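The values are calculated or read from the model by the stated rules, or taken from the named source; none is laboratory data. This one's a predicted model, so the numbers in the text were calculated from it and none came from an experiment. Every residue, glycine as well, gets a Cβ built from its backbone with ideal geometry; the counts of neighbours run over all protein chains shown. SASA here: full protein model, heavy atoms, side chains in, ligands and nucleic acids out. Shrake-Rupley method; radii C 1.70, N 1.55, O 1.52, S 1.80 Å.
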Amino acid sequence: MSKICCLSGKKSNNAYQVSHSHIRTKKKQEANLKYKKIWSHKKKSWIKLRISTKVIKSLHKIKI
């Protein structure tokens, strides 16, 4: 399963891991995703989503 947020579309990022001697090796920064059950007012049922923690903090603004 791909690590992509269902609501925001956030996905992994390429970066460097820098050692003490400043040798850079490539690494991948994955999005911080969690499974969350959310009550949908439109569907009147629970929805199970895989969303990022940043979206969890702003769920009241999204109003699913």
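Where the convex hull is taken over the Cα atoms of the chain, what is its projected area averaged over directions, in nm²?
Average projection, Cα convex hull of the chain: 5.6 nm².
Which entries of Lys26/Lys48; Lys3/Lys42; Lys10/Lys57; Lys26/Lys57 show an alpha-carbon separation above 23 angstrom in the structure shown?
Working: Lys26/Lys48 33 Å; Lys3/Lys42 26 Å; Lys10/Lys57 15 Å; Lys26/Lys57 30 Å.
Pairs exceeding the cut-off: Lys26/Lys48; Lys3/Lys42; Lys26/Lys57.
Using the basic label-point model (7 angstrom from Cα toward the beta carbon), what is the Lys34 to Thr53 distance in nanometres?
Going by the 7 Å Cα→Cβ label model, 0.7 nm.
For the range 13-61, what is the charge dipole size about the Cα centre, in debye to the nearest 20, if Lys and Arg each add +1 at the Cβ and Asp and Glu each add -1 at the Cβ? Display every interim value, and only then the final one.
Values: 15 positive and 1 negative charges, 74 e Å.
With only Lys, Arg, Asp and Glu charged at Cβ, the dipole is about 360 debye.
Using +1 at the Cβ of each Lys and Arg and -1 at the Cβ of each Asp and Glu in the range 13-61, identify which of Gln17, Leu33, Trp46 lies farthest towards the dipole's positive end.
Result: Trp46, furthest along the dipole toward the positive end.
Pop out the carbon and sulfur fraction of the accessible area of the chain as a percent, whole number, probe 1.4 Å.
The value for the chain is 52 percent carbon and sulfur by accessible area.
Tell me, what is the per residue accessible area of the range 13-61 in Å², probe radius 1.4 Å?
89
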